[in-house]
1. Just the residues that are assigned to a loop (DSSP other than H, G, I, E, B), open to solvent by 50 Å² or more (accessible area, probe 1.4 Å) and within 26 Å of G169 (Cβ to Cβ), please, taken from the range 100-136.
2. In the range 386-406, how many residues are part of a loop (DSSP other than H, G, I, E, B), away from the ligand (no atom under 14 Å from the Cβ) and of a type in the set (A, V, I, L, M, F, W, C)?
3. Answer with yes or no whether S440 is open to solvent by less than 30 Å² (accessible area, probe 1.4 Å) and either at pLDDT 95 or above or under 23 Å from L346 (Cα atoms) (or both).
4. Give M329, M339 a once-over and let me know the one that is modelled with pLDDT of 95 or more, within 18 Å of R246 (Cβ to Cβ), among the hydrophobic types (A, V, I, L, M, F, W, C) and open to solvent by less than 30 Å² (accessible area, probe 1.4 Å).
5. Of these, T498, T504, which one is within 16 Å of the ligand (Cβ to nearest atom) and out of contact with any Pro (no Cβ under 7 Å at 6 or more places or on another chain)?
6. Cβ contacts < 7 Å: first residue of a type in the set (F, W, Y), restricted to the range 333-347; second residue assigned to a loop (DSSP other than H, G, I, E, B), any location; separation 6+ or different chain. Result?
7. How many residues are of a type outside the set (S, T, N, Q), surrounded by fewer than 24 Cβ atoms within 10 Å (Cβ to Cβ) and assigned to a helix (DSSP H, G or I) when one looks only at the range 137-153?
8. Only residues that are within 16 Å of the ligand (Cβ to nearest atom) and of a type in the set (A, V, I, L, M): list them for the range 142-178, please.
Amino acid sequence: MDRRNFVKSSLVTAGGAILAGHSRSANALPAPHQPFAPQSASDYTPDHIPGAIPASAIDSARFPDGFLWGMASAAYQVEGAWNIDGKGESNWDRFTHTIGKIKGSDTGDVACDQYHRFKEDIAILKRLNQKSYRFSTSWARIQPTGTGPVNQKGIDHYSRLVDAILEAGIRPFCTIYHWDLPQALEDRGGWPNRDLASYYADFCGALAKHLGDRLTVWAPFNMPWTFTYYGYGIGVFPPQKTGFDRFLRAAHTVNLAQGMGFRAIKAASSKATVGSAYGMAPAYPKTNSPADIAAAARYHAMNNLYFLTTAMYGKYPDAFIGPVPYAAMDYRPGDDKIMKVPLDWLGFHYYTRRIVSDATSTCVSGPSGHFGTETEGEGGASARDPLTQIHVEMPTEGPLTDAGLEIWPTGMYDLVTQISREFHNPIIEISENGCSFLDSPDDTGHVPDQRRIRFHQQHLAELARAIRDGARVRAYHAWSLVDNFEWADGYTQRYGLTYVNFRTQKRTIKDSGLWYGRVAASNHLRV
Ligand code: FCB
């Protein structure tokens with residue numbers, strides 16, 4: 001696998017949206033994809049970089065008073081302390097301890113050592129005028145084998161963390177599950193095992209009981225499509241199982257778990273508000289043929305709405321070429337009622353867009369046959385999987401980040417306005433947006449990461465435009481507070497607004513972090 005394909009198969013690639021809208025109504029469609037065709041090198045001036053936002057839009061962008069500027073992180077990526085204070089083994093501990101799974105054989109054993117250094121990191125948030133910190137909890141720290149009594153030391157850790165965040169005048173936002181499953185539950189079949197829904201709800205209830213007097217903002221799952229599809233569908237993430245049916249079962253358990261977790265949180269904490277942290281990407285039909293438009297709609301339903309329509313309406317969106325494969329999911333009577341929990345607000349990430357085309361004529365595999373990845377779909381015309389039969393491309397017209405992802409700021413506007421239209425103008429939080437660039441401290445100790453500043457400036461200008469056009473966006477979380485363990489890429493990608501020297505754990509706020517701190521203080525982007 002080459003570098004770009006490796007990156008793509010590893011993570012952010014995961015979400016996905018389609019601008020056709022799940023209504024599949026022709027008027028909701030954006031213009032079909034128009035490839036940028038430079039005639040000469042001079043076409044790449046700053047204002048002519050494909051996808052770039054004009055400087056004037058950055059100058060004029062304004063955010064409302066009270067807008068929640070934030071940063072995000074995830075337990076496995078920052079905490080370290082993998083076997084301390086009674087924590088059990090997680091699926092990611094097991095995976096990273098297996099040679100050959102992670103670039104450089106890196107692990108999250110120490111990561112940013114945030115378990116011990118959280119006060120230092122919260123001080124950075126405070127210094128940068130942040131108003132929201134999105135962190136996640138490690139299930140194996142709270143329940144070492146995934147069920148049974150809580151490990152008090154784990155609870156104490158998160159209790160201290162929440163207190164410290166609040167003391168800094170920052171809103172704590174807890175993602176309950178950001179991909180690290182107790183290994184003991186993986187050994188019991190992992191997410192395809194329906195029993196996990198009730199174990200997960202118990203975990204949610206325990207968290208809300210112990211933290212819900214102070215913590216009010218909860219998202220049950222980070223990017224549920226990603227960890228179910230990558231873990232059980234195509235075998236890129238732990239436990240590296242494959243099969244479309246297995247993915248369907250895992251995803252259905254997660255949909256049940258989302259509903260049951262929602263109720264458990266609300267039962268334990270009257271102050272709780274429950275939203276989401278889905279991975280999404282706007283999907284543009286490759287041409288304006290009805291087949292490509294319908295394919296892009298299926299992509300949107302599968303990648304962006306598969307856990308959202310289920311929560312809001314108790315039913316699966318139109319993701320499939322044929323009928324919903326209920327039998328393969330192990331869908332049982334009454335599951336609609338379990339899944340249906342209208343969320344209080346919608347949180348989603350945006351990293352990069354997709355171009356989608358129809359692959360019904362080239363999809364050779366049957367429902368239980370082999371199916372491919374987005375990466376494979378790029379080279380030929382094969383479909384990504386048998387039941388959606390779409391061909392997905394990650395375009396490269398815009399500039400690429402060091403992780404090989406195309407920078408396409410308008411995708412932010414398109415996605416936010418599309419979700420606003422489709423879900424009756426809900427309260428939205430951008431739960432992640434960011435980029436990997438590898439800049440490191442110079443001789444003066446500064447990290448001059450201009451490309452990251454430009455990335456956030458452009459995406460935020462597009463977010464401000466969506467707000468101006470009526471979207472009710474109340475928060476934006478930059479990924480990430482600190483450079484951290486980037487899943488299969490180990491420490492070879494750096495998404496932080498703070499540089500971390502992983503040998504010494506020294507933190508250096510990058511120029512982008514300092515810039516973002518000024519943005520947070522002023523609500524505009526030219527600071
Ligand atoms: C997102 C993940 C997050 C991080 C960023 C770069 O998909 O939620 O953990 O890896 O990508």
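1. Applying the first criterion (assigned to a loop (DSSP other than H, G, I, E, B)) to the range 100-136 yields 100-102, 106-113, 128-131.
Among the residues that remain, those that are also open to solvent by 50 Å² or more (accessible area, probe 1.4 Å) are: 100-101, 110, 129, 131.
Across the range 100-136, the qualifying residues are N129, K131.
2. Restricting attention to the range 386-406, the residues satisfying the condition of being part of a loop (DSSP other than H, G, I, E, B) are 386-389, 394-399, 401-405.
Among the residues that remain, those that are also away from the ligand (no atom under 14 Å from the Cβ) are: 386-389, 395-399.
If we keep only those that are of a type in the set (A, V, I, L, M, F, W, C) as well, we get 387.
Selection size over the range 386-406: 1.
3. Details: open to solvent by less than 30 Å² (accessible area, probe 1.4 Å): no; either at pLDDT 95 or above or under 23 Å from L346 (Cα atoms) (or both): yes.
For S440, the condition - open to solvent by less than 30 Å² (accessible area, probe 1.4 Å) and either at pLDDT 95 or above or under 23 Å from L346 (Cα atoms) (or both) - is not met.
4. Values: M339 fails: within 18 Å of R246 (Cβ to Cβ).
From the options M329, M339, the qualifying one is M329.
5. Details: T504 fails: within 16 Å of the ligand (Cβ to nearest atom).
Every option except T498 fails the conditions.
6. Between residues of the range 333-347 that are of a type in the set (F, W, Y) and residues that are assigned to a loop (DSSP other than H, G, I, E, B), the close pairs are W345/G275; W345/P426.
7. Of all residues in the range 137-153, those of a type outside the set (S, T, N, Q) come to 139-142, 144, 146, 148-150, 153.
The next check asks that each one be surrounded by fewer than 24 Cβ atoms within 10 Å (Cβ to Cβ); those that pass are 144, 146, 148-150, 153.
Those left that are additionally assigned to a helix (DSSP H, G or I): 153.
Result for the range 137-153: 1.
8. First, pick out the residues of the range 142-178 that are within 16 Å of the ligand (Cβ to nearest atom): 173-178.
Of everything in the range 142-178, just one residue is within 16 Å of the ligand (Cβ to nearest atom) and of a type in the set (A, V, I, L, M), namely I176.
The values are calculated or read from the model by the stated rules, or taken from the named source; none is laboratory data. This one's a predicted model, so the numbers in the text were calculated from it and none came from an experiment. When we count neighbours, we look across all protein chains shown, and the Cβ atoms used for this are built from the backbone with ideal geometry, even at glycine. Quick note on the areas: whole protein, heavy atoms, side chains included, nothing else; ligands and nucleic acids left out. Shrake-Rupley method; radii C 1.70, N 1.55, O 1.52, S 1.80 Å.
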